[in-house]
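Here the structure is laid out as structure tokens; the discussion comes afterwards.
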Amino acid sequence: MTARLASIQRHPLKSHGRETLAEVRLAPGRALPWDRHWAVAHEAARLTEGAWAPCQNFSRGAKAARLMAITASLDEAARRITLSHPDQAAITFAPDDPGDAARFIDWVRPLCPPERAQPARIFSAPDIAMTDTDYQSVSLLSLASNADLSARMSQDLSPLRWRGNLWIEGTDPWAERGWIGRELRIGDTLLRVEENIVRCLATTANPATGERDADTLGALKSLHGAAEFGVYVRVIEGGTIRTGDPVEVLP
């Protein structure tokens with residue numbers, strides 16, 4: 001089977017929901033458009049306005065497992081997000097509007113453990129995604145690797161657990177771990193594989209329920225010696241990618 005792009009996922013509000021795309025246009029040196037465009041700063045955050053900030057400044061699934069069950073839908077033209085959660089009524093809001101942002105904070109607070117730093121405000125920086133890397137990255141993951149880990153754990157792991165951007169199929173399990181430093185072609189784009197993704201407690205939570213139910217970190221450490229799943233890539237040449245596009249690993 002030829003390797004191909006199986007799914008495109010984005011997360012407009014970091015750690016607060018995901019949505020599926022049929023296609024997207026990537027730009028050199030940029031993250032997936034609108035992915036992690038906004039993030040939820042907690043009350044202990046140390047931020048520089050207009051700049052990228054590391055993940056420990058934000059509310060996220062590693063600290064608040066119930067956030068993992070949020071789904072999202074972004075209206076790009078209106079810059080409005082609709083979020084849904086099995087334990088909450090859906091909410092539609094404009095993250096850049098202070099009143100709407102405050103309404104969102106009230107909505108999400110019950111999903112956050114009271115002993116943790118509480119969500120305080122929505123944070124963003126012009127043209128900078130709040131990726132987990134200090135460079136603008138896109139994450140690439142393998143369905144074969146997910147299936148292999150599921151089999152090893154005797155547990156069905158939803159791919160949504162990993163919060164990835166680009167899912168590929170048709171490769172051997174864990175083949176992507178051997179691509180560090182190599183380039184890929186997907187659609188019109190050229191991507192360079194930079195590093196493995198180190199995983200956190202967010203992946204132990206079920207994305208359908210927001211409950212921790214799988215020792216993903218222990219299983220990965222037993223398999224690889226490190227809690228790594230998927231790789232980060234940089235966009236070298238931009239273009240449009242679509243689900244079903246072939247994935248070519250260059251020599």
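If you scan the range 109-122, which residues turn out to be surrounded by 20 or more Cβ atoms within 10 Å (Cβ to Cβ) and farther than 13 Å from K63 by Cβ?
Hit for the range 109-122 is I122, nothing else.
Does any residue of the range 238-246 turn out to be among the polar types (S, T, N, Q) and in contact with a helix residue (DSSP H, G or I) (Cβ under 9 Å, 6 or more places away or on another chain)?
For the range 238-246, residues among the polar types (S, T, N, Q) and in contact with a helix residue (DSSP H, G or I) (Cβ under 9 Å, 6 or more places away or on another chain): absent.
When the range 8-43 is examined, which residues are found to be open to solvent by less than 40 Å² (accessible area, probe 1.4 Å) and of a type in the set (V, I, T)?
Correct list: I8, V24, V40.
Has the range 209-218 got at least one residue that is free of Cβ contacts under 8 Å to residues at least 60 places away in the same chain and open to solvent by less than 60 Å² (accessible area, probe 1.4 Å)?
Yes: one or more hits.
Here is a yes/no grid of residues against (1) within 17 Å of the chain's Cα centre (by Cα); (2) open to solvent by less than 30 Å² (accessible area, probe 1.4 Å); (3) at pLDDT 95 or above:
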{"residue": "W174", "(1), (2), (3)": "no, no, yes"}
{"residue": "T189", "(1), (2), (3)": "no, yes, yes"}
{"residue": "R192", "(1), (2), (3)": "no, no, yes"}
{"residue": "V198", "(1), (2), (3)": "yes, no, yes"}
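Within the range 118-153, which residues are in a loop (DSSP other than H, G, I, E, B) and farther than 27 Å from R66 by Cβ?
Once the filter is applied, which keeps residues that are in a loop (DSSP other than H, G, I, E, B) and farther than 27 Å from R66 by Cβ, the range 118-153 yields P126, D127, D134, Y135, Q136.
Take V247 and tell me if it is in contact with a Ser or Thr (Cβ under 9 Å, 6 or more places away or on another chain), surrounded by 15 or more Cβ atoms within 10 Å (Cβ to Cβ) and more than 21 Å from R36 (Cβ to Cβ).
Criteria met by V247.
Hey, can you tell me all the residues within the range 219-243 that are over 28 Å from T189 (Cβ atoms), outside any helix (DSSP H, G or I) and open to solvent by 60 Å² or more (accessible area, probe 1.4 Å)?
The answer is G225, and nothing else.
Whether any residue in the range 37-46 is among the β-branched types (V, I, T), assigned to a loop (DSSP other than H, G, I, E, B) and either within 15 Å of A117 (Cα to Cα) or touching a residue at least 24 places away in the same chain (Cβ under 8 Å) (or both) is what I want to check.
There is no residue in the range 37-46 that is among the β-branched types (V, I, T), assigned to a loop (DSSP other than H, G, I, E, B) and either within 15 Å of A117 (Cα to Cα) or touching a residue at least 24 places away in the same chain (Cβ under 8 Å) (or both).
I'd like to check something: does the range 81-93 contain any residue that is in contact with an Asp or Glu (Cβ under 8 Å, 6 or more places away or on another chain), part of a loop (DSSP other than H, G, I, E, B) and either open to solvent by 30 Å² or more (accessible area, probe 1.4 Å) or not basic (K, R) (or both)?
Checked against the condition, which is being in contact with an Asp or Glu (Cβ under 8 Å, 6 or more places away or on another chain), part of a loop (DSSP other than H, G, I, E, B) and either open to solvent by 30 Å² or more (accessible area, probe 1.4 Å) or not basic (K, R) (or both), the range 81-93 yields no hits at all.
Looking at A78 and the list (1) of a type in the set (G, A, S); (2) within 21 Å of S137 (Cβ to Cβ); (3) in a loop (DSSP other than H, G, I, E, B), which single condition is not satisfied?
(2)
The values are calculated or read from the model by the stated rules, or taken from the named source; none is laboratory data. Being a predicted model, the structure only gives us computed values, none of them experimental. So basically every Cβ, Gly included, is an ideal-geometry build from the backbone, and we count neighbours across all protein chains shown. Accessible surface is based on the protein model in full, side chains and every heavy atom, while ligands, DNA and RNA are left aside. Shrake-Rupley method; radii C 1.70, N 1.55, O 1.52, S 1.80 Å.
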